[in-house]
Amino acid sequence: MFIEPLSSSNQRKGWIEVVCGSMFSGKTEELIRRLKRAKIANRQVEIFKPAVDVRYDEVDVVSHDSNSIRSTPITHSENILLMSEGIEVVGIDEAQFMDMELPHVCEKLAKRGVRVIIAGLDMDFEGKPFGPIPSLLAIADYITKVHAICVQCGDIAHFSYRTTADKNRILLGEKDSYEPRCRSCFYK
């Protein structure tokens, strides 16, 4: 039996979307919203998160507003390639905690025709680029930067200010450890 190959006009096209911003800016909310809409459209969807992120749930991706969606925790980004065969939309939360191979993995997925939606912090608590996010921003087809509200002055917040003395780059926390701040209040 002859199967006609897909022409460029009917081949599924993949792309990479990045949703980034500070803590409490709604990154995970936006990721969940996009993934739920893809499910409504009857797309095959798979969601991944770093296994180290167990703040709200060991398996589910959960926003600060308690919205959630089932996910698969992973220890290395290459696992996404193994677990996404036949998937049309891949979501990745807390991408700043992933390894530096993530941009390469996302490129492979997009070339396969997969829509890849990534959410993560673009800067760490010191205001420095965080993990693979800068590289993902460079290769993304679509970028959404979301903002929180500065708890000090009420302006737009771009930074995640750490309220504890812990200097480790990775500190899983929420309102007990971080607050959103604008540039001016962050550097005061």
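The values are calculated or read from the model by the stated rules, or taken from the named source; none is laboratory data. These numbers come from a predicted model, not from an experiment. Backbone-built Cβ (ideal geometry, glycine too); neighbour counts: all protein chains shown.
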query = If the Cβ limit is 9 Å and pairs must be 6+ apart or interchain, which residue in the stretch 82-96 that is on the phi > 0 side of the Ramachandran plot pairs with which residue that is of a type in the set (Asp, Glu)?
reply = GLU94/ASP53
query = Looking only at the stretch 82-98, which residues are under 8 Å from the mean Cα position of the chain (by Cα) and of a type in the set (A, V, I, L, M)?
reply = ILE92, ALA95
query = Quick one: how many residues across the stretch 1-24 are touching a His at 6+ places or on another chain (Cβ under 7 Å), at pLDDT 95 or above and assigned to a loop (DSSP other than H, G, I, E, B)?
reply = 1
query = So which residues in the stretch 104-125 are surrounded by 18 or more Cβ atoms within 10 Å (Cβ to Cβ), in a loop (DSSP other than H, G, I, E, B) and charged (D, E, K, R)?
reply = ASP122, ASP124
request  = From (1) at pLDDT 95 or above; (2) surrounded by fewer than 20 Cβ atoms within 10 Å (Cβ to Cβ); (3) closer than 23 Å to GLU179 by Cα; (4) among the small types (Gly, Ala, Ser), pick out the condition that doesn't hold for SER66.
outcome  = (1)
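Identify the residue in the stretch 87-103 that is charged (D, E, K, R) and buried (at least 22 other Cβ atoms within 10 Å of the Cβ) and, among all such residues, is farthest from LYS188 (Cα to Cα). Let's see the steps before the verdict.
Here is the first cut: in the stretch 87-103, the ones charged (D, E, K, R) are 88, 93-94, 99, 101.
Those left that are additionally buried (at least 22 other Cβ atoms within 10 Å of the Cβ): 93-94.
Working: ASP93: 30, GLU94: 27 Å.
In this case the residue turns out to be ASP93.
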key: Only one of ASP176, ASP141 that is under 15 Å from the mean Cα position of the chain (by Cα) and acidic (Asp, Glu)   = ASP141
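Could you look through the stretch 160-188, keep only residues that are assigned to a loop (DSSP other than H, G, I, E, B) and closer than 16 Å to GLY26 by Cβ, and pick out the one that is modelled with the lowest pLDDT? So that I can check it myself, show each step before the final result.
Going residue by residue through the stretch 160-188, those that are assigned to a loop (DSSP other than H, G, I, E, B) are 163-177, 182, 188.
If we keep only those that are closer than 16 Å to GLY26 by Cβ as well, we get 174-175.
On the way: GLU174: 66, LYS175: 70.
Checking each candidate, the answer is GLU174.
May I ask you to list the residues in the stretch 126-147 that are surrounded by fewer than 22 Cβ atoms within 10 Å (Cβ to Cβ) and either among the acidic types (Asp, Glu) or farther than 23 Å from ALA38 by Cβ (or both)? Please lay out each step first, then the result.
Pass one, the stretch 126-147, residues surrounded by fewer than 22 Cβ atoms within 10 Å (Cβ to Cβ): 126-130, 134-135, 137-147.
Correct list: GLU126, GLY127, LYS128, PRO129, PHE130, PRO134, SER135, ALA138, ASP141, HIS147.
Under the condition of being touching a helix residue (DSSP H, G or I) at 6+ places or on another chain (Cβ under 7 Å) and not in a loop (DSSP other than H, G, I, E, B), which residue from the stretch 31-63 is modelled with the lowest pLDDT? First the steps, then the outcome.
Start the filter on the stretch 31-63 by keeping residues that are touching a helix residue (DSSP H, G or I) at 6+ places or on another chain (Cβ under 7 Å), which leaves 45-48, 50, 52-53, 61, 63.
Now drop any that are not not in a loop (DSSP other than H, G, I, E, B), which leaves 45-48, 50, 61.
Values: VAL45: 96, GLU46: 94, ILE47: 93, PHE48: 96, PRO50: 89, VAL61: 61.
Among those that are touching a helix residue (DSSP H, G or I) at 6+ places or on another chain (Cβ under 7 Å) and not in a loop (DSSP other than H, G, I, E, B), it is VAL61.
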ask   = Mind checking which pairs have a first residue in the stretch 30-42 that is β-branched (Val, Ile, Thr) and a second that is surrounded by fewer than 19 Cβ atoms within 10 Å (Cβ to Cβ), Cβ under 7 Å, 6 or more apart or different chains?
value = ILE32/ASN67
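Return yes when GLU101 is within 16 Å of GLY14 (Cβ to Cβ) and not aliphatic (A, V, I, L, M) and no when it is not.
Details: within 16 Å of GLY14 (Cβ to Cβ): no; not aliphatic (A, V, I, L, M): yes.
No.
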query = Restricting the stretch 72-91 to residues that are among the polar types (S, T, N, Q) and outside any loop (DSSP other than H, G, I, E, B), which is farthest from LEU31 (Cα to Cα)?
reply = ASN79
key: Pairs, first more than 22 Å from SER177 (Cβ to Cβ) and in a strand (DSSP E or B) in the stretch 138-159, second modelled with pLDDT of 95 or more and among the β-branched types (Val, Ile, Thr), C-beta under 7 Å, six or more apart   = ILE143/VAL18; THR144/VAL19
key: Residues of the stretch 144-158 that turn out to be among the hydrophobic types (A, V, I, L, M, F, W, C) and under 18 Å from the mean Cα position of the chain (by Cα), as a count   = 2
